[in-house]
Protein chains: 2
Amino acid sequence: MTGHHQNHHNSTTCLSQAESLSLLALSAACVAVLANTFQGDGYPLIASLALGGLAFSATFSMIRWLGPTFMRAGLKGVDMSKHHKKELPECMGAIAAMVYLLAVIIFIPFPFYKDIVAATSGGGNRDVVMHVEHVQEGRFLHRFPHGKLASYLSAVMALQSISLLGIGDDLFDIRWRHKFFIPAFASIPLLVVYFVDFGVTSVVIPTPLQPYLGELFNLGALYYVYMASVAIFSPNSINILAGINGIEVTQSIVIALLLAFNDCLYLLTPYPHPATDSHLFSLYFLLPFLGVSFALLWHNWYPARVFVGDTYCYFAGMVFVVVSILGHFSKTLILLLIPQIFNFVYSVPQLFGLVPCPRHRLPRFNARTGLLEPSVTPWTPERQPKPPVAWALKTLDKVKLLRVTLDEEGRFVETSNFTILNLWLVWRGPLREDRLAMEITGMQIVVGLFGLFVRHRLALILFKQDNLGV
Amino acid sequence: MTGHHQNHHNSTTCLSQAESLSLLALSAACVAVLANTFQGDGYPLIASLALGGLAFSATFSMIRWLGPTFMRAGLKGVDMSKHHKKELPECMGAIAAMVYLLAVIIFIPFPFYKDIVAATSGGGNRDVVMHVEHVQEGRFLHRFPHGKLASYLSAVMALQSISLLGIGDDLFDIRWRHKFFIPAFASIPLLVVYFVDFGVTSVVIPTPLQPYLGELFNLGALYYVYMASVAIFSPNSINILAGINGIEVTQSIVIALLLAFNDCLYLLTPYPHPATDSHLFSLYFLLPFLGVSFALLWHNWYPARVFVGDTYCYFAGMVFVVVSILGHFSKTLILLLIPQIFNFVYSVPQLFGLVPCPRHRLPRFNARTGLLEPSVTPWTPERQPKPPVAWALKTLDKVKLLRVTLDEEGRFVETSNFTILNLWLVWRGPLREDRLAMEITGMQIVVGLFGLFVRHRLALILFKQDNLGV
C-alpha cells in the first residue's frame, strides 16, 4: 500500500479529533444520565433518550471503523450516480441494527425498574417459595408486569429475526419473489407471542356500519393475516423506495419522528390517557432507532460514503411494525406510509410484468450535467406494448403520471420507469441527487403530517371517539 | 459449465429420490403428530419431538440446496486433511441455527397451550378491560404463566444474538482476543431478563461449609459474573475443540444427549419433582437442537461435504448455557464439559504465548499414509524455550502429556501442539480422521456419563439432598 493510499485509508476510517471529542462528550453525558436514571426514580423515557445518544455514538464510530472490514468480506458496492465510480462499504445498516438491538436489550431493566423494587420489597411468600425449590429466594413474580415484558421481548425477537434474514439477503442476493416473504418469517415471533400472550383480535367498527356489525367485530384468525400483511408490507415498501443516497434513511427517520410525535400527543394529555403505556412502549423503541439512523444518515447522505443495504430497510420497516402492532395503532402507520404505498401501487405494472422491468430502475445519472434524470424502459419497433397497455400508458402520460416518448409514427420509443423517484423527476425536471432526496423527504413530511391530521380530526367522523379521548 | 461438472453439481446439491421420500415421510409424520398434539390435550414434549423431526428434514434439505449459494457468497473453505483438497461450503451451521430458531419460536404456543385455554374460558373481568381500552377483549392475562414465557423468550433472544454474532465472526474472521467475548454479548438478553424477571442469586452451600456460611449464600452481583463466565466458557470451549471432520457436531450431540438423559431422570421420578418444569424446559430446547445437529452431522461427518463454521460451535455452546442457567443446573453442565475444560487448560501455554502458537494447530495429515499425526511446533537452535519452560516441556513429555523431540545435543527440535486431538494422537499413534473423531466422541461419552454419576451419587456427600430428591 502506498503512502498516499494509506493516508486516504486513514481519513475515511478514523474519527477526526473533533468527531472523537464530540462523540466522547455525548457518550459521557448519556452514561451520566443513565446512571442517574437507574439510581433515582427511574424515568425510563429519559433513559431511552440517553441510550439513543449512546447508540448514535456507537453506530457513528463503528461505521467508520468497520467499513474496510466489510469491504474485505465482499460487502461492497459501486455508487452509479457519481462521476468517480468508487467502491463503498455495503450493508452498513447491519451495524446500526446490532447497536440498536444491544441498546433495546440493555434498556429492559429501566421500564420495569419500579416493578422490581415493588416486587422485591413485598416478599411475603418467601418461605413458601423456599419450601418448594430450596434455592428460590428474592423477588416475587406476581407483582411484576410480565405481560408487558413478553411483548417487549417478542418485539426484540422480531427485530433480531429481520436482522438475521436481512443480512442473509445482503449476502446471498435472494430473488425478489423470495425476499418479499422475509418480513413474514421475521414477524412470526411477534404473532406467536401475540397469540399466546394477548390474543385481542377485535377491531372497532366505524360508526356508520355499527348498526349492522356491532361496536366491535372479532376478526379472529383474519386479524393475524392483517398483522402479517402489515409486517410484510412496511419493510418491503421501504426497501423499494431506494436507489439514491440517503433516501432509505431519511424516509425512515421521517416516519419514526412522526410516530414519536404521535406518541407524544398521548403523553401530553391533561389526564392519564388509557393508551399512554402503549405509546411509551413505542417511544422506547423509536428513540434508539432515531439514534442509530442519524448516525447512519451522516455517512449515507449525498455524497454517500457507505451504503445501508437491504438489512436497514427491512429493519426500519420492522421497527414500525412492532411499535404499531404492539401499540395498536397499525392504521396510523398505514397513513404514514402513503408515499410508500403510492410507490408500490405505481410500481405494480413493472413488478407484475405488464411493462418490461429492467434490473435497476434508479434514476439515470447524466454525467454531463451531473444531474439525475428519469430512467426509462426502451421499446423497439418490433416489441411494442399491447393495445390496452398502450392506451393506459398514453393516459398516464396525459395526466402527468408518466413520461412517454413516441416517434413520428406514433410508436413507443421509451417510457419512464414506474417509481416515485422517476415520477418526481418527470414533474420537477433533472435534479441533483441530494436535491431529489430532500424534496422526496419534504414530501414525506407533508404527507405524513396530513396523515396524522386525518387520523386525529377526521377519524371522529368514522369513529365515535378518537383515541386521544377528545 | 461442462456436462460432467453439471452432474457433479447435481449429485451434491440435490436430494436423491430415497432421501426425498424419507424426509417427506418423516415430515408428514411429524406434521400429523403436531396437528394432533395441538388439537388434543397438548403434550408439548411430543410436539417438541415432532418439531425436532421437522427441523432435521428442513436442515438436511437446506444444507444440500444452499451449499452452492454459500460458496458463491465466499463462504467456503478447503479441507486440509484430504488427498484431494476440495473447496467446501463453510458456515453451514448458520442454516442449522436458523431452522432451530424458527422451530423453537413456532413451538411457543405448545407449552403454554393449556394456559391459553384456561385463561380464555375464565373471563370474569371482561367488562373492566373493555372500559379501559375500548378494544381490549379476549383472553385474560393474570392466569397466564408469563414468567415462564419471558424466560423462554430470553433464551431464544440469546440464541438469536449468538447466531448474529457467530455469522459476523464467520464473515469477518474476528481476531481471537475479540471473538472470545462474543458469547458474553450474546448472553446479555439472558442476564437482563434473569435480572428483571427472576433475580435468584443464592447458591446452596455444601454441607461441610454450612456451619460457617449458612444453608444458602447470596452471591448477588457475583452470580451474574458466574453466569456470564459459564456463557463465555461453554461456546468458546466447543469452538476450540475443532479441526477434524465432525468433531464439533459430535461433541455437541453427546453433551445434548447427556443433558436430555439427565432431564429425563427428573421426569421419571415416581412423584412430581419440584424441578420437573425446569427440565421439561430444557428438553424443549434440546430436542430440536438434536434434530438440526444430526442433519448437520450427516453432511459434516468424514469425509465432510460441508463445514459447520464458528456459528455452529457458538450456537451449540449457547444452547447448553440457556438450558442450564434457566434450569438451574449449570454445575451439571460444567461436569459434562470436562473434556473441553481439559482441552482449554491444556491449550493455555500456547494461547498465552509461553510456547509459540502457529495459526492452525489441527493434526497434520500425512498424505503418504492417509492418517493424521500430531502437528508440531518447531524449535530452531537459535530460538529455544527458556529454562523453566524447557523443564516444564520435558516433564510433560515424561508424564506422556506431550511429545518432545530433542536432537543429539539435547536441543528442542519440535514439540506437539497443545490440543486434546494432538495429545490423543500422541497416545494412540497415527489414526484415520474418522477413527480419531469416533474415539474422542467415545471418550466424551464415557467422561460425561461419569460426570452425571458424580452429579447424582457423590453430590450427596457435599449437599444434604440431591435434586432428584432421593
- prompt: Do the conditions hold for B:G74, that is, is it more than 27 Å from B:A316 (Cα to Cα) and either at pLDDT below 90 or among the hydrophobic types (A, V, I, L, M, F, W, C) (or both)?
  reply: no
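Any chance the range A:315-326 includes a residue that's assigned to a helix (DSSP H, G or I), farther than 30 Å from A:S61 by Cβ and open to solvent by less than 20 Å² (accessible area, probe 1.4 Å)? Walk me through how you get there before you give the answer.
Residues of the range A:315-326 that are assigned to a helix (DSSP H, G or I), as a first pass: A:315-326.
From the residues that got through so far, the ones that are farther than 30 Å from A:S61 by Cβ too are A:324-326.
Add one more test, that the residue is open to solvent by less than 20 Å² (accessible area, probe 1.4 Å), and what stays is A:324-325.
Yes, because at least one residue in the range A:315-326 is assigned to a helix (DSSP H, G or I), farther than 30 Å from A:S61 by Cβ and open to solvent by less than 20 Å² (accessible area, probe 1.4 Å).
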query: Is there any pair linking a residue in the range A:75-88 that is part of a loop (DSSP other than H, G, I, E, B) to one that is open to solvent by 20 Å² or more (accessible area, probe 1.4 Å), with Cβ under 6 Å and at least six apart or on different chains, and which?
result: A:L75/A:E90; A:S81/A:F365; A:K85/A:V78
query: Can you name the residue in the range B:395-428 that is basic (K, R) and at negative phi and, of all such residues, is least open to solvent (accessible area, probe 1.4 Å)?
result: B:R411
query: Is there any pair with a first residue in the range A:217-229 that is more than 11 Å from chain B (Cβ to nearest Cβ) and part of a helix (DSSP H, G or I) and a second that is open to solvent by less than 60 Å² (accessible area, probe 1.4 Å) and β-branched (V, I, T) whose Cβ atoms are under 6 Å apart and which are 6 or more apart or on different chains, and what are they?
result: A:M227/A:I325
field: Residues (at pLDDT below 95, more than 20 Å from A:S375 (Cβ to Cβ) and aliphatic (A, V, I, L, M)) located in the range A:239-268
entry: A:L265, A:L267, A:L268
query: Could we say that A:L354 is in a helix (DSSP H, G or I), at pLDDT below 95 and more than 14 Å from chain B (Cβ to nearest Cβ) here?
result: no
message: The conditions are (1) open to solvent by 30 Å² or more (accessible area, probe 1.4 Å); (2) within 11 Å of another protein chain (Cβ to nearest Cβ); (3) hydrophobic (A, V, I, L, M, F, W, C), and A:I162 fails exactly one of them. Which is it?
response: (1)
message: So for the range A:96-118 (the condition being open to solvent by less than 50 Å² (accessible area, probe 1.4 Å), out of contact with any helix residue (DSSP H, G or I) (no Cβ under 9 Å at 6 or more places or on another chain) and at pLDDT 90 or above), does at least one residue qualify?
response: no
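Could you please give the count of residues in the range A:166-188 that are charged (D, E, K, R) and open to solvent by 50 Å² or more (accessible area, probe 1.4 Å)? Spell out how you get there, then give the answer.
At the first step, the residues of the range A:166-188 found to be charged (D, E, K, R) are A:169-170, A:173, A:175, A:177, A:179.
Narrowing further to those that are open to solvent by 50 Å² or more (accessible area, probe 1.4 Å): A:173, A:175, A:177.
So the answer is 3.
Conditions tested, residue by residue: (1) farther than 21 Å from B:N300 by Cα; (2) in a loop (DSSP other than H, G, I, E, B); (3) in contact with a Gly (Cβ under 6 Å, 6 or more places away or on another chain); (4) free of Cβ contacts under 8 Å to residues at least 24 places away in the same chain.
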position	(1), (2), (3), (4)
B:R361	no, yes, no, no
B:F365	no, no, no, no
B:T380	yes, yes, no, yes
B:P388	yes, no, no, yes
B:L396	yes, no, no, yes
B:L402	yes, yes, no, no
B:G442	no, no, no, yes
B:R457	yes, no, no, yes
statement: Here the qualifying pairs (Cβ atoms under 7 Å; residues six or more apart or on different chains; first in the range B:272-295 and within 14 Å of another protein chain (Cβ to nearest Cβ); second of a type in the set (V, I, T) and surrounded by fewer than 22 Cβ atoms within 10 Å (Cβ to Cβ)) come out as B:P274/A:V132
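Of all residues in the range B:236-255, how many are in contact with a Leu (Cβ under 7 Å, 6 or more places away or on another chain) and open to solvent by 20 Å² or more (accessible area, probe 1.4 Å)? Show your work before the answer.
Here is the first cut: in the range B:236-255, the residues in contact with a Leu (Cβ under 7 Å, 6 or more places away or on another chain) are B:237, B:243-244, B:246-247, B:249-251, B:253, B:255.
Of the ones still in play, those that are also open to solvent by 20 Å² or more (accessible area, probe 1.4 Å) are B:243.
Total satisfying the criteria: 1.
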message: Just to be sure I understand, how many residues within the range B:189-212 are at the interface with another protein chain (Cβ under 7 Å from one of its Cβ atoms), in contact with a helix residue (DSSP H, G or I) (Cβ under 7 Å, 6 or more places away or on another chain) and either loosely packed, with under 15 Cβ neighbours inside 10 Å or free of Cβ contacts under 8 Å to residues at least 12 places away in the same chain (or both)?
response: 1
- request: Could you please find all residues in the range A:345-359 being open to solvent by less than 70 Å² (accessible area, probe 1.4 Å) and farther than 18 Å from A:K386 by Cα?
  value: A:Y346, A:S347, A:P358
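Residue-by-condition table, conditions (1) within 24 Å of A:M80 (Cα to Cα); (2) modelled with pLDDT under 95:
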residue	(1), (2)
A:G309	yes, yes
A:F315	no, no
A:V321	no, no
A:S324	no, yes
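The rows are residues; the columns are (1) crowded, with 24+ Cβ neighbours inside 10 Å; (2) over 23 Å from A:F450 (Cα atoms).
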position: A:F261; (1), (2): no, no
position: A:P270; (1), (2): no, yes
position: A:S282; (1), (2): yes, no
position: A:R305; (1), (2): no, yes
task: Could you look through the range B:45-66, keep only residues that are buried (at least 22 other Cβ atoms within 10 Å of the Cβ) and within 14 Å of chain A (Cβ to nearest Cβ), and pick out the one that is farthest from B:A304 (Cα to Cα)?
output: B:A47
- prompt: Of the residues that sit in the range A:73-93 and are within 11 Å of another protein chain (Cβ to nearest Cβ) and open to solvent by 10 Å² or more (accessible area, probe 1.4 Å), which one is nearest to the chain's Cα centre (by Cα)?
  reply: A:L75
- prompt: What is the number of the single condition among (1) open to solvent by 20 Å² or more (accessible area, probe 1.4 Å); (2) under 20 Å from A:V249 (Cα atoms); (3) touching a residue at least 60 places away in the same chain (Cβ under 8 Å) that A:L431 does not meet?
  reply: (1)
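The values are calculated or read from the model by the stated rules, or taken from the named source; none is laboratory data. Nothing here was measured: the structure is a model prediction, and the numbers come from that model. Cβ atoms come from the backbone with ideal geometry, glycine included; neighbour counts cover every protein chain shown. Note: accessible area is taken over every heavy atom of the protein model, side chains too, but ligands, DNA and RNA are not part of it. Shrake-Rupley method; radii C 1.70, N 1.55, O 1.52, S 1.80 Å.
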